[in-house]
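Written out below as structure tokens is the structure these notes cover.
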Amino acid sequence: MRTRRTIAIAMSVLTLTAVAACGKSGSPNDSADGTSAAPQLPTYQVKTDVKLDNSPTYAAAKKRGRLVIGAKSDQPFLGFEDLSAGSGASARSGFDIEIAKMIAADLGFSPSQIDWKTIVSANRENAISSGQIDYYVGTYTINAGRKAQVSFAGPYYVAGQDLLVLKSNTDITGPDSLKGRAVCTVAGSTSIANIEKYGAKVTKYDAYSQCVDKLLTNEVDALTTDDAILKGYAAKNPDKLKVVGNRFTQEPYGVGLAKDDKVLRDAINDALKAHEDNGDWKKAYDATLGRSGAGAPPVPALDRY
Ligand code: GLU
């Protein structure tokens, strides 16, 4: 309960800074004449003829008539929940949310048939393997350790670990500057082991927005995790925060699902491929993650297994 409340407070701070940032010129969305020219989100045709034999996850979702998807809620342009917008589909936004919706459409579920569940990094494997969610889309790095517990479709994007610091900071230029410095990250993330190697003093929270608060109040020197996440926070706080821009890992993002459900994994990979090929992936990127400043990278090859 306390975790939920702390995340909610951290997110309301973010929303306020986001609203403040929107009214300013010079944010990544503004066109030359000062009007906002945000690219439009694609819509996904919901399939009606879906047949997926021998997927326990799909069979259960079909029976309940709803799909339960795990996501992040405090990562702007990736997985964000606007707490003032009610609990409907429109309250969730970001590239991961679009990836989740394009897959859902190919499985025969419209946005109104999706129940979203916010799951923090440390709880992902458990939420998937205990069947609390049908699949998970939320900056989830594919790696061997996790593959022992869950399975992954994708990758659908490759991020890299980086650092977020105060805009006024000039002495942190990469992980090598972090020996003995206070660095914030999230429990259950790949970011922890990657940064501990550099001798940083690491503090862990449940969600990255909590680290943003600690950085803004000078309680830590840096926040470290994937550049894709950090760019969103910097774009929402352009006067106060900056990404160092020195990636030091590769983080291929996958869709997490039950370990033994190969039929569902294949179907999700097919859905990713179809939406990459028909231009939806690129449109979704431009309308979400692209708004934090970087153009669309090449789509990574799927790792089917
Ligand atoms: N991609 C990394 C991971 O899966 C860091 C981001 C996160 O915690 O979601 O651990």
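The values are calculated or read from the model by the stated rules, or taken from the named source; none is laboratory data. Worth saying up front: this structure is predicted, and the values here are computed from it rather than measured. Cβ sites come from the backbone with ideal geometry, for glycine too, and all protein chains shown count toward neighbours. Just so you know, the surface numbers come from the protein's heavy atoms only, side chains and all, with ligands and any DNA or RNA stripped out. Shrake-Rupley method; radii C 1.70, N 1.55, O 1.52, S 1.80 Å.
Considering every residue within the range 225-244, establish whether at least one is assigned to a loop (DSSP other than H, G, I, E, B), under 30 Å from A104 (Cα atoms) and in contact with a strand residue (DSSP E or B) (Cβ under 9 Å, 6 or more places away or on another chain).
So far as the range 225-244 goes, no, none of its residues is assigned to a loop (DSSP other than H, G, I, E, B), under 30 Å from A104 (Cα atoms) and in contact with a strand residue (DSSP E or B) (Cβ under 9 Å, 6 or more places away or on another chain).
Determine whether the range 148-166 contains at least one residue that is of a type in the set (A, V, I, L, M, F, W, C), at pLDDT 95 or above, outside any strand (DSSP E or B) and surrounded by fewer than 19 Cβ atoms within 10 Å (Cβ to Cβ).
Yes, the range 148-166 has at least one match.
If you go through the range 105-134, how many residues are outside any loop (DSSP other than H, G, I, E, B) and either more than 15 Å from the ligand (Cβ to nearest atom) or open to solvent by 10 Å² or more (accessible area, probe 1.4 Å) (or both)?
Filtering the range 105-134 down to residues outside any loop (DSSP other than H, G, I, E, B) leaves 105-106, 111-118, 121-129.
In the following step, the residues that additionally are either more than 15 Å from the ligand (Cβ to nearest atom) or open to solvent by 10 Å² or more (accessible area, probe 1.4 Å) (or both) were identified as 105-106, 111-118, 122-123, 125-126, 129.
Number of matching residues: 15.
When the range 135-147 is examined, which residues are found to be outside any helix (DSSP H, G or I) and either open to solvent by less than 20 Å² (accessible area, probe 1.4 Å) or more than 10 Å from the ligand (Cβ to nearest atom) (or both)? Please lay out each step first, then the result.
To start, the set of residues in the range 135-147 that are outside any helix (DSSP H, G or I) comprises 135-143.
Across the range 135-147, the qualifying residues are Y135, Y136, V137, G138, T139, Y140, T141.
Restricting to the range 272-288, count the residues that are crowded, with 19+ Cβ neighbours inside 10 Å and closer than 13 Å to R304 by Cβ.
Selection size over the range 272-288: 1.
What number of residues within the range 185-210 satisfy the criterion of being under 13 Å from S121 (Cβ atoms), among the hydrophobic types (A, V, I, L, M, F, W, C) and either part of a loop (DSSP other than H, G, I, E, B) or more than 11 Å from the ligand (Cβ to nearest atom) (or both)?
Qualifying residue count for the region: 2.
From D213, D176, which residue is assigned to a helix (DSSP H, G or I), out of contact with any helix residue (DSSP H, G or I) (no Cβ under 9 Å at 6 or more places or on another chain), farther than 29 Å from A301 by Cα and not polar (S, T, N, Q)?
Of the residues listed, the single one that is assigned to a helix (DSSP H, G or I), out of contact with any helix residue (DSSP H, G or I) (no Cβ under 9 Å at 6 or more places or on another chain), farther than 29 Å from A301 by Cα and not polar (S, T, N, Q) is D176.
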